[in-house]
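Participant: This structure is in structure tokens; I'll ask about it shortly.
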There are 2 protein chains.
Amino acid sequence: MEIQDVFSAYKDDLHQVEKYINDNVHSEIKLIPEVAQHLINSGGKRFRPLLLLICARLCGYRDENRFPMATVMEFIHTATLLHDDVIDQASIRRGKTSANQIYGNAISILVGDFLCFKSYTLMTEIGNLDILRLISEMGDIMSEGEVFQLSKCGDINLSEEEYFNIIEKKTAVLISASCASGSILSSAPREKIDALKKFGRNVGMAFQITDDILDYMAKREDFGKSIGKDLEEGKITLPLIFAIKQSTIKEKNKIKEIITSKKNSKKVVREIFSLIEKYKGIDSSFQIASKYINKAKSQLNIFNDCPEKDHLNTVAEYILTRKA
Amino acid sequence: MEIQDVFSAYKDDLHQVEKYINDNVHSEIKLIPEVAQHLINSGGKRFRPLLLLICARLCGYRDENRFPMATVMEFIHTATLLHDDVIDQASIRRGKTSANQIYGNAISILVGDFLCFKSYTLMTEIGNLDILRLISEMGDIMSEGEVFQLSKCGDINLSEEEYFNIIEKKTAVLISASCASGSILSSAPREKIDALKKFGRNVGMAFQITDDILDYMAKREDFGKSIGKDLEEGKITLPLIFAIKQSTIKEKNKIKEIITSKKNSKKVVREIFSLIEKYKGIDSSFQIASKYINKAKSQLNIFNDCPEKDHLNTVAEYILTRKA
């Protein structure tokens, strides 16, 4: 089974989610849907809604509430992207000029806030306090992860453990919550909810690691972001951590100089690339991502074989093969 | 009765709220409580918590949940101030250097987000879906108000109606929700909740109008903000709207030139001041604020005479006499 087959199996459900998304970005202040849709319609894969829909169906849930709940996951994801782009002073997102560049920081912050509050309006309508608790705690952890990442910006002593802590908070908890809320909606037993929560957490870890790998590999046209963006922003990610760990003192000083200068010339990026290559930073990172995917898949053992279980396994494997 | 007497009557309650505030800004990421407390402990009056506590007591509510709920109102207020200061590129807040100046825009945005999600964690623990709905809808309206205000920045054709729309959204709904949630906690009958909602809305309108008046009057040491800050930011407020409405074409062009240039020299501010004075912009604005306070007080007619009703009347009257 390919990832396209999974998307096809949820085509109608995803279409319903798009309807909810469009209905709920509405505002009498026309600039709000304009800015929100600039990002929402910029080719995002609806990865978090998809996971939610699969997990809901896996647990036997077929009610309407899965659509607004999937919308919530996409809205909160979009809100964090809007805020992140202001924070990182980004100029490109998904291959398009980022919202902060077109509309300014102020509007990006406010539309992010709007989408967060709208998510809570939707969740209040769904009326499930367990989900409200999960998402609120998730939001705090995500903010903590972003602050922690900022505080470690440019720190070449960032440990693997600290890196894993950051990516768990900033990425994995949202993907974990997407899976968990699909099963909470269906009032699944505790062990199934926990299994899907862990499945999502491990998929999320692998997702961010492969994202960070792709930042050192991607061609702009494929991935919609420029190569070495993390490096430019002073973000130390796993491939570089592996390189730093094995570098000579001279190489370490060179890396430090490059990170501190924040100059992202082609020459400088090439120097970092060659060190990452020398110390097999990409391969080692990929192996870690693979381990997370195996851990994710093992969480599915408690479920009987069924199409939805295959869908989750396919999504998990896709994380390791994706080029975008 | 003076405003100090009201604060005294709720001294113990407000002390409990402070405890909740301190316990809930906690995070393993130390920078988060540091930034949050920089603003929270900068001399805010706890005006929104106070209103919530009075309204809860007025409706006979004495349970513990009023403290976390009052904390929510202060947290959301603080979050909006953190985001506003980034949006306005502010340098001073409550007479202190603003958080964005000390810690940077990124941290201010993220700590604002953290406080919002923490508010929802607290509300989920309280577990009242009516309050969750009220606050979520309020949040969306507040974001809409801020976006609308931004879109009208520097527009000297801003009408009174548009101004009232902006201040209702950006200020009055939060004060209204503070009053309403105090009564919702107590399961008060619909008409009492509605009356307190309207009381809060009208108090909030007057609050923002007097805030905008004080921006043209305040001395920095009294009010903790510089004079003419709104003017510098291109915010057209009620005193200036009255002046613009009556100005000659020549005066209007002068105002337009000043607003567009965004130069806030003493000379320029004095020119605007003298036009506002000439056309009684302050007096007319103050009259409107008084009307809102009268409307607010009339909402209390359905309540029997009691100390809490006196407290609300005293708070309402204080809005018109405050110098800070």
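What follows is calculated from the coordinates using simple rules that are stated; it is not laboratory data. In this text, all values refer to a predicted model and were calculated from it rather than measured experimentally. In this analysis, Cβ positions are derived from the backbone assuming ideal geometry, glycine residues included, and neighbour counts consider all displayed protein chains.
Participant: Taking chain A as the reference, fit the longest principal axis to its C-alpha atoms, fit the long axis of helix A:307-321 to the helix C-alpha atoms, and give the angle between the two in degrees, 0 to 90, nearest 10.
Facilitator: For helix A:307-321, the angle is close to 20 degrees.
Participant: Would you give the gap between the C-alpha center of the stretch B:130-167 and the C-alpha center of the stretch B:17-87, rounded to a whole Å?
Facilitator: 22
Participant: Size of the dipole of the protein assembly as shown about the Cα centre, Lys and Arg at +1 and Asp and Glu at -1 on the beta carbon, nothing else charged, in debye to 20?
Facilitator: Values: 90 positive and 90 negative charges, 319 e Å.
Using only the charged Cβ atoms, the result is roughly 1540 debye.
Participant: Treat each spin label as a single point 7 Å out from the Cα along the C-beta direction, and report the A:Asp194 to B:Ile92 distance in nm.
Facilitator: Computed distance between label sites A:Asp194 and B:Ile92 equals 5.6 nm.
Participant: Counting only other chains, and only Cβ atoms inside 10 Å, what mean value do you get across the residues of A:81-88?
Facilitator: Working: counts 0, 1, 6, 3, 0, 4, 7, 1.
Across A:81-88, the average partner-chain Cβ count within 10 Å equals 3.
Participant: Averaged over A:115-126, how many beta carbons belonging to a partner chain fall within 10 Å of each residue's beta carbon?
Facilitator: Per-residue shielding by partner chains comes out at 6.
Participant: Can you bin the stretch A:88-167 into rounded, prolate or oblate? Criterion: square roots of the alpha carbon gyration tensor eigenvalues sorted a ≥ b ≥ c, rounded for a/c under 1.5, prolate for a/b above b/c, oblate for the rest. Don't skip to the end; give the middle numbers.
Facilitator: Working: a/c = 2.89, a/b = 1.19, b/c = 2.43.
It comes out oblate by the Cα gyration axes.
Participant: While we're looking at this one, here's another question. Classify the stretch A:3-321 from the C-alpha gyration tensor, please: rounded if a/c falls under 1.5, else prolate or oblate depending on whether a/b exceeds b/c. Let's see the in-between values first.
Facilitator: Numbers: a/c = 2.02, a/b = 1.37, b/c = 1.47.
In terms of gyration-tensor shape, oblate.
Participant: When the convex hull of the C-alpha atoms of the protein assembly as shown is computed, what volume per residue in Å³ does it have? Please report the intermediate quantities before stating the final value.
Facilitator: Numbers: hull volume 102.5 nm³, N = 648.
Here the figure is 158 Å³ per residue.
Participant: Could you state the angle between the C-alpha long axis of helix A:190-214 and the longest principal axis of the C-alpha atoms of chain A, as a value from 0 to 90 degrees rounded to the nearest 10?
Facilitator: For A:190-214 against chain A, the angle is about 30 degrees.
Participant: Roughly how many debye, to the nearest 20, is the charge dipole of chain A about its Cα centre, given +1 on each Lys and Arg Cβ, -1 on each Asp and Glu Cβ, and no other charges?
Facilitator: Approximately 1000 debye in magnitude.
Participant: Just to verify a number: FRET efficiency for A:Lys266 and A:Asn41, C-beta to C-beta distance, R0 = 51 Å, to 0.05?
Facilitator: Numbers: r = 32 Å, r/R0 = 0.63.
Plugging the Cβ-Cβ distance into 1/(1 + (r/R0)^6) gives 0.95.
Participant: How far, in degrees from 0 to 90, does helix B:47-58 lean away from the longest principal axis of the Cα atoms of chain B, to the nearest 10?
Facilitator: With rounding to tens, the tilt is 40 degrees.
Participant: So, one more: FRET efficiency for B:Asp310 and B:Asp12, Cβ-Cβ distance as r, R0 = 22 Å, nearest 0.05? Mind showing how you got there, number by number?
Facilitator: Numbers: r = 18 Å, r/R0 = 0.84.
That pair, B:Asp310 with B:Asp12, gives E of 0.75.
Participant: Now for a different question. Among A:Ile92, A:Ser285, A:Leu132, which residue has its Cα furthest toward the positive end of the charge dipole of chain A, with +1 on Lys/Arg Cβ and -1 on Asp/Glu Cβ?
Facilitator: A:Ser285
Participant: If you don't mind, another one. Past 23 Å, Cα to Cα, is the threshold; run A:Lys169/A:Lys252; B:Lys11/B:Lys309; B:Lys169/B:Lys197; A:Lys30/A:Lys118; A:Lys256/A:Lys291; A:Lys45/A:Lys197 against it and keep the listed order.
Facilitator: Numbers: A:Lys169/A:Lys252 28 Å; B:Lys11/B:Lys309 17 Å; B:Lys169/B:Lys197 14 Å; A:Lys30/A:Lys118 16 Å; A:Lys256/A:Lys291 30 Å; A:Lys45/A:Lys197 21 Å.
Pairs exceeding 23 Å: A:Lys169/A:Lys252; A:Lys256/A:Lys291.
Participant: Restricting to DSSP H runs of at least four residues, report the calculated mean residue ellipticity at 222 nm for the protein assembly as shown, -39500 (n - 2.57) per run over all residues, nearest 500 deg cm²/dmol. Provide the component values of the computation, followed by the final result.
Facilitator: On the way: 36 runs with 474 residues, N = 648.
Dividing the helical sum by the residues of the protein assembly as shown leaves -23500 deg cm²/dmol.
Participant: What's the Kirkwood radius of the stretch A:1-127 in Å, using all Cα pairs? Please list the in-between numbers first.
Facilitator: Numbers: mean 1/r = 0.0662 Å⁻¹.
It is 15.1 Å.
Participant: Given a cut-off of under 8 Å on Cα pairs at least six residues apart, what relative contact order in percent is computed for chain A?
Facilitator: Working: 444 pairs, mean separation 64.2, N = 324.
Relative contact order here is 20 percent.
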